[in-house]
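In what follows, a structure is listed as structure tokens, so that the remarks can point back to it.
Only the coordinates and a few stated rules stand behind these numbers; no lab work does. Quick caveat: nothing in here was measured; it's all calculated off a predicted structure. Note that each Cβ is placed from the backbone with ideal geometry, even for glycine, and that neighbours are counted across all protein chains shown.
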Amino acid sequence: MKIYVTGAATTAFGELWNASPRGLARQAVFGALADAGVEISGIQALFVGNMLSGMLGGQEHLGAFFAEELGLTAPAFKVEGACASGGLALHNAVNSVMSGQYDTVVVLGIEKMTDHKPEDVATALMGAGSEEERSGGATFPGLYAMLARIHMREFGTTEEDLAAVAVKNHYHASLNPNAQFHNTISVEQVMRSSRIADPLKLLDCSPISDGAAAVVITSKKQKKATRRVEIAASAVATDSLGLAQRKILTGLSATQQAAARAYALAGVTANDINVAEVHDCFTIAEVLAMEDLGFFPKGKAASAIAAGETMLGKGGRIVVNPSGGLKGCGHPVGATGVKQIVELVDQLCGVAGKRQVEGAAVGLAHNVGGSGATSVIHILKK
Amino acid sequence: MIGIVSYGTYIPRNRIRIADIAMAWQKDAEEVSRSLGLTDKSVPGFDEDAATIAIEAASSCLAVSKQKPSDIDVLFVGSESHPYAVNPTSTIVGELLGVGTAYLAADMEFACKAGTAAIQAIAGLVAAGHARYGLAVGSDTAQGKPHDFLEYTAAAGGAAFLLGSEGVAARLTADTSYSSDTPDFWRRDGMRYPSHAGRFTGEPAYYQHVLGAANRLFEMTKTTAADYDYCVFHMPNGKFPREAAKRLGFSPAQLAPSLVVDYIGNAYSATAMLGLSAILDQAIPGQKIFMVSYGSGAGSDAFVWETTVELAQLQTARKNAKVLVSDQMHQKRYVDYIKFLKMTHKL
């Protein structure tokens with residue numbers, strides 16, 4: 001059975017103080033439905049990817065919450081997998097269609113974060129970590145800073161190399177009208193920005209954001225759909241919650257495992273991927289992803305990124321994070337994994353405008369929960 | 001003609017360097033100063049509070065005025081740090097000034113714009129013939145929780161404006177307000193320190209209200225920034241007033257004389273009034289001043305003032321008494337972080 005994305009839409013990402021979760025959900029879902037040429041009545045199930053609505057807003061039971069808003073009485077589910085909630089929701093949606101239970105479903109990824117105090121958001125996000133890390137006072141910038149230090153020690157990666165990730169992703173975001181940031185930045189600006197968790201500086205970190213994204217997936221041939229992209233692989237792997245229990249710290253084992261499975265399912269290799277949306281919650285995370293996904297040998301990605309090999313318009317083999325990634329486009333955590341799919345659909349359909357990757361035929365989305373406890377990979381084909 | 005008949009200001013002498021606060025919390029001092037756009041902030045003395053500061057400013061106002069305390073028919077004190085939750089600051093001030101008993105006293109509270117709310121209310125009472133003269137005071141010893149970003153800016157100061165219809169030194173030619181339920185900063189009863197909503201205090205709060213009130217005043221008066229000699233905005237930090245002025249089309253030169261924040265931080269209810277006082281200290285007759293305050297919660301009051309020939313003698317008297325805003329800004333002694341904690345009763 002082949003599964004397709006036939007509709008995809010995202011709201012603007014950013015500090016959306018005038019938008020409610022309900023309004024964002026409507027905008028994303030009805031945008032995706034219009035794209036697919038499907039009425040809401042044609043939707044057999046709703047999968048909502050979200051992490052923080054309970055801890056920050058006191059609102060759980062999100063399946064019913066958004067189904068009510070959308071005028072849907074079909075089965076509705078909330079899927080939580082920290083920052084991989086969106087990707088995990090899509091994986092569950094794909095499985096449900098694969099099983100034959102449903103043939104057309106909607107996946108909504110959504111998060112509303114900026115209505116809450118940054119310290120409350122940071123505390124809530126630590127719900128994705130281990131108890132030891134929480135009680136030890138660790139934060140995600142701190143955990144990724146440790147991963148960065150190890151990478152620097154093992155492979156000679158420099159802070160300037162890390163900064164280059166943010167520079168590239170801000171440039172891509174400057175071409176994306178839905179991105180949170182439209183300003184380009186320089187390596188010097190990243191280096192001068194305030195230190196959050198050494199060696200990570202403010203401009204190495206993705207922001208706190210609001211936003212929603214939705215896709216319609218189906219096993220049916222939808223006549224009214226204007227576009228159709230195949231989900232060639234949907235793979236998930238899981239690792240320990242905390243860093244202390246990991247066998248390796250120079251990469252994310254869950255990403256390596258999920259990637260191997262996804263490539264096998266899709267019948268492609270890393271060399272076949274033209275465009276990738278990867279989880280750059282911190283600049284070091286994109287470096288790790290490049291290596292764990294097999295785009296570059298271990299220890300070689302940072303210098304390649306710094307040399308512009310994954311930047312739009314540089315003629316490289318692959319363009320990474322054309323949306324701007326989490327760093328430039330914004331990171332409403334539950335929405336991110338679904339937004340990555342929306343970006344890939346636009347890229348593979350050749351409608352990504354100024355940030356179009358020429359000849360994009362095979363795309364990969366990489367969505368991580370926590371410091372690598374959950375890794376979700378989707379491969380999409382034109 | 002309703003307007004400012006006299007004015008007085010008070011800034012405590014104690015200063016703390018923003019760099020010293022940053023150092024206490026192991027922050028990059030240069031970066032903190034740069035991002036907030038200020039270098040020092042004023043610190044109240046151990047025995048100073050919003051009432052004593054209000055009295056200092058009001059006394060200074062009356063000292064250079066032809067009017068006597070008994071000419072005051074209404075006295076409003078605006079503050080977000082009234083010493084008492086119940087028991088008015090305004091009667092303490094009135095008593096110490098010797099206003100007598102035949103006057104209307106009330107306290108105003110509207111975060112950083114309580115003082116300008118007092119100005120507007122008194123201007124209305126004077127215009128209605130209900131009061132001969134009224135004293136509007138903005139006074140604060142602003143609270144910032146240690147390690148909160150507010151700690152770098154929350155300062156102390158006071159300004160008092162005597163409003164009336166005779167002997168006016170700065171005529172009030174137009175005013176308006178812009179208010180909405182926008183909770184960007186708050187302090188519930190019994191709480192020692194205020195809470196704030198981080199970056200939300202910018203665009204949807206400060207800028208929405210300041211620019212909203214300003215544009216409404218432009219429309220009402222059919223004027224643009226080019227029609228004014230000076231402008232003054234509420235100054236929660238060094239950046240916001242500069243950005244607001246820029247967006248409204250004012251030049252740095254029109255704004256510069258008002259920027260007391262660079263040297264003393266944000267004295268909350270007194271801030272915009274201190275900025276206006278600094279302009280009045282140097283304006284010449286016939287000049288127009290555009291003023292917009294901001295109070296969290298949220299609202300802005302906007303005023304157009306036009307100076308008259310009466311201003312010169314006030315300036316001379318203030319200069320002779322060495323109580324110009326510039327005098328008070330630069331008469332200072334630095335305290336270290338530990339002393340700052342003691343002075344503000346945190347240690």
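Given the options B:THR153, B:THR271, B:THR221, state which has the largest fluctuation in a GNM of chain B using a 10 Å cut-off (strictly under) for Cα springs.
B:THR221
Quick one: which residues, 5 or more positions from A:PHE77 or on another chain, have an amide H under 5 Å from its amide H? H modelled 1.01 Å from N in the peptide plane, none for Pro or chain starts.
Counting only residues 5 or more places away or on other chains, the set is A:LEU46, A:PHE47, A:VAL48.
Taking neighbour counts of Cβ atoms within 10 Å as a proxy for exposure, in what order, fewest first, do A:TYR144, B:TYR207, B:TYR10 appear?
B:TYR207, A:TYR144, B:TYR10
Give the relative contact order (percent, whole number) for chain A; include only Cα pairs under 8 Å separated by 6+ residues.
Over chain A, the number comes to 27 percent.
Using only Cα atoms, what is the ratio of the radius of gyration of segment A:248-359 to 2.2 N^0.38 Å?
Cα Rg divided by the expected 2.2 N^0.38 Å: 1.02.
Report the residue, chosen from B:LEU274, B:LEU62, B:LEU248, that carries the largest GNM mean-square fluctuation when chain B is represented by alpha-carbon nodes joined by springs under 10 Å.
B:LEU248
Determine by what factor the alpha-carbon radius of gyration of segment B:70-115 differs from 2.2 N^0.38 Å, reporting the quotient.
It is 1.12.
Using a Gaussian network for chain A with springs between C-alpha atoms less than 10 Å apart, which of these wobbles most: A:SER99, A:SER303, A:SER234?
Highest fluctuation of the listed residues: A:SER99.
Near the amide H of B:MET108, under 5 Å away, which other amide H atoms are found, from residues 5 or more places off or on another chain, if H is placed in the peptide plane?
B:VAL77, B:GLY78, B:SER79
Across segment A:219-236, in residue order, what do the Karplus-derived ³J(HN,Hα) couplings come to in whole Hz, using 6.51 cos²θ - 1.76 cosθ + 1.60 with θ = phi - 60° and x for Gly and Pro?
9, 9, 8, 8, 4, 7, 5, 7, 8, 8, 10, 7, 8, 7, 7, 9, 9, 9
P(r) for segment A:18-81: what percent of alpha-carbon pairs falls in each 10 Å bin, starting at zero?
So the P(r) values, bin by bin, are 21, 56, 22, 2.
Are any of the pairs A:LYS327/B:LYS113; A:LYS339/A:LYS382; B:LYS239/B:LYS332 more than 26 Å apart by Cα-Cα distance, and if so, which? Display every interim value, and only then the final one.
Working: A:LYS327/B:LYS113 37 Å; A:LYS339/A:LYS382 17 Å; B:LYS239/B:LYS332 23 Å.
Check vs 26 Å cut-off fails for A:LYS327/B:LYS113.
May I ask you to evaluate 6.51 cos²θ - 1.76 cosθ + 1.60, the Karplus curve with θ = phi - 60°, for each residue of segment A:156-162 and list the ³J(HN,Hα) values in order in whole Hz, giving x for glycine and proline?
x, 4, 10, 5, 5, 4, 4
State which entries of A:LYS314/B:LYS27; A:LYS112/B:LYS41; A:LYS201/A:LYS300 exceed 27 angstrom in Cα-Cα distance in the structure shown.
From the list (A:LYS314/B:LYS27; A:LYS112/B:LYS41; A:LYS201/A:LYS300), the Cα-Cα distance tops 27 Å for A:LYS314/B:LYS27; A:LYS112/B:LYS41.
If packing is taken as the average number of other Cβ atoms within 10 Å across a peptide's residues, how do A:57-70, B:176-189 rank, most packed first?
With the highest mean Cβ count within 10 Å placed first, the list reads A:57-70, B:176-189.
For A:LYS247, give me every one of the aspartates and glutamates with a C-alpha distance below 16 angstrom, ignoring sequence neighbours fewer than eight places off in its own chain.
A:GLU154, A:ASP239, A:ASP292
Relative contact order of segment A:284-382: what whole-number percent is it, with Cα pairs under 8 angstrom and at least 6 residues apart?
Values: 102 pairs, mean separation 16.1, N = 99.
Reported as a whole number, the value is 16 percent.
Put one equal scatterer on each alpha carbon of segment B:1-71, apply the Debye formula with no solvent term, and list log10 I(q)/I(0) at q = 0.16, 0.19, 0.22, 0.24 1/Å to two decimals.
Log10 I(q)/I(0), no solvent term: -0.72, -0.82, -0.93, -1.00.
Count the DSSP beta bridges whose two residues both fall in chain A, then state the antiparallel fraction as a percent rounded to the nearest 5.
Looking only at bridges with both residues in chain A, the antiparallel portion is about 75 percent.
Taking H as built 1.01 Å from N, whose amide H comes closer than 5 Å to the amide H of B:SER296, not counting residues under 5 places away?
Counting only residues 5 or more places away or on other chains, the set is B:CYS112, B:LYS113.
Once R0 is set to 30 Å, what does the formula 1/(1 + (r/R0)^6) return for the Cβ-Cβ distance between B:THR316 and B:GLU166, expressed as a FRET efficiency to the nearest 0.05?
According to the calculation, E is roughly 0.95.
Under a cut-off of 19 Å between alpha-carbon atoms, report the aspartates and glutamates in cross-link reach of A:LYS168, not counting same-chain residues fewer than 8 places apart.
The reachable aspartates and glutamates, counting only those whose Cα sits under 19 Å from A:LYS168, are A:GLU159, A:GLU160, A:GLU188, A:ASP204, A:GLU277, A:ASP280, A:GLU286, A:GLU291, A:GLU309, A:GLU343, A:GLU358.
Under 12 Å from the Cβ of B:MET273, count the other residues' Cβ atoms, weight Lys and Arg +1, Asp and Glu -1, and hand me the total. Show your work: numbers first, answer last.
On the way: positive: B:LYS113; negative: B:ASP140, B:ASP301.
Here the charged neighbours net out to -1.
Tell me, what ³J(HN,Hα) does each residue in segment A:169-179 have, in order and in whole Hz, if you take phi through Karplus 6.51 cos²θ - 1.76 cosθ + 1.60 with θ = phi - 60° and put x for Gly and Pro?
5, 5, 4, 4, 4, 5, 9, 10, x, 8, 6
When only Cα pairs under 8 Å and 6 or more residues apart are kept, what is the percent relative contact order across segment A:3-138?
Reported as a whole number, the value is 28 percent.
Tell me, what is the FRET efficiency for A:LYS298 and B:ASP181 to the nearest 0.05, using R0 = 51 angstrom and their Cβ-Cβ distance as r?
0.40
Starting from the eigenvalues of the Cα gyration tensor, five times each then square-rooted, give me the equivalent ellipsoid semi-axes of segment B:167-292, largest first, whole Å.
Details: eigenvalues 132, 57, 40 Å².
Ellipsoid semi-axes (Å, largest first): 26, 17, 14.
Based solely on its DSSP helices, what 222 nm [θ] is calculated for chain A when runs of n ≥ 4 H residues each add -39,500 (n - 2.57) and the sum is averaged over all residues, nearest 500 deg cm²/dmol? Walk me through the intermediate numbers first.
Working: 14 runs with 146 residues, N = 382.
That calculation yields -11500 deg cm²/dmol at 222 nm.
Could you give the angle, 0 to 90 degrees to the nearest 10, between helix A:21-36's Cα long axis and the longest principal axis of the Cα atoms of chain A?
70 degrees
Angle, helix A:253-266 long axis vs. longest principal axis of chain A, Cα atoms, 0 to 90°, nearest 10?
The angle comes out at about 40 degrees.
Could you work out, for segment B:288-347, what percent of all Cα-Cα pairs fall into each 5 Å distance bin, beginning at 0 Å and stopping at the bin that holds the largest distance?
Using 5 Å bins, I get a P(r) of 4, 12, 10, 11, 15, 17, 15, 10, 5, 1 for segment B:288-347.
Place a +1 charge on the Cβ of each Lys and Arg in chain A and a -1 charge on the Cβ of each Asp and Glu, then give the dipole magnitude about the Cα centre in debye, rounded to the nearest 20.
Dipole size: approximately 1000 debye.
From the helices alone, meaning DSSP H stretches of at least four residues, give me the mean residue ellipticity at 222 nm for chain B, per-run term -39500 (n - 2.57), in deg cm²/dmol to the nearest 500. Before the final figure, lay out the partial values.
Values: 13 runs with 117 residues, N = 347.
When only DSSP H runs of four or more count, the value is -9500 deg cm²/dmol.
Based on the Cβ-Cβ distance from B:THR224 to B:GLN282, what FRET efficiency comes out when R0 is 30 Å, to the nearest 0.05?
In this case the efficiency is close to 0.85.
Under 1.5 on a/c is rounded, so check that first for segment A:58-105, then, if it is not, pick prolate when a/b is larger than b/c and oblate when it is not; a ≥ b ≥ c are the square roots of the alpha carbon gyration tensor eigenvalues.
Taking the square roots of the gyration eigenvalues as a ≥ b ≥ c, segment A:58-105 is oblate.
Using 0.36 nm per residue, how much length does the chain from B:ALA174 to B:GLN331 gain when fully extended, once their Cα-Cα distance is taken away?
Taking B:ALA174 through B:GLN331 to full extension adds about 53.1 nm, to one decimal.
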